Structures are given as structure tokens and as C-alpha cells.
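Shown next, in C-alpha cells, is the structure this report addresses.
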Amino acid sequence: MDPDVFFGRNLTEAKDAIKTCERCEVRSECLDYAVAEGIEIGVWGGLTERQRRAHVRRLAS
């Protein structure tokens, strides 16, 4: 798969990456890594940048 798929500019462009993540066996580890490292760009662990920010806020509360 082309890695650029994981760096779409909006949710519509990110849908293919999110679908791929749904089938991935290391999805949670990927998300944990992105959160721990403060990665702000791209789809990681099945979440877009905006979704990860909301996830981090939920974890903090």
C-alpha cells in the first residue's frame, strides 16, 4: 500500500487508511506509539489527527 494513503488532507482522503487500520493486528500499539511520541500528522492506529487529539483529551480526563 502506498504510504501516502496514511497522510490524507481530510477525513474523506483518510478513509482508505482507516479501513486498513481496522484489519491491522498492531493497531493499538500503533496508536499508543503515536500518542506517546506526540505525532500530529497522518492516520495512526486508525485515528486521524483530530480523532487522536480527542482521544488524548479523553485519556487526560
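The values are calculated or read from the model by the stated rules, or taken from the named source; none is laboratory data. All of these numbers come straight from a predicted model, not from anything done at the bench. Heads up: the accessible areas ignore ligands, DNA and RNA and are worked out on the full protein's heavy atoms, side chains in. Shrake-Rupley method; radii C 1.70, N 1.55, O 1.52, S 1.80 Å.
The residues of the chain expose, per residue, 76 Å² of accessible area to a 1.4 Å probe. Relative contact order of region 10-61: 35 percent, from C-alpha pairs under 8 Å at least 6 residues apart in sequence. Applied to region 44-50, the Karplus parametrisation 6.51 cos²θ - 1.76 cosθ + 1.60 on θ = phi - 60° returns per-residue 3J(HN,Hα) values of 9, x, x, 10, 6, 4, 5 Hz, with x for Gly and Pro.
The accessible surface of the chain, taken with every protein chain in place and a 1.4 Å probe, is 52 percent carbon and sulfur.
Can you compute log10 of I(q)/I(0) for the chain with the Debye formula, treating each Cα as one identical point scatterer, at q = 0.27 Å⁻¹? So the normalised log intensities work out to -1.19.
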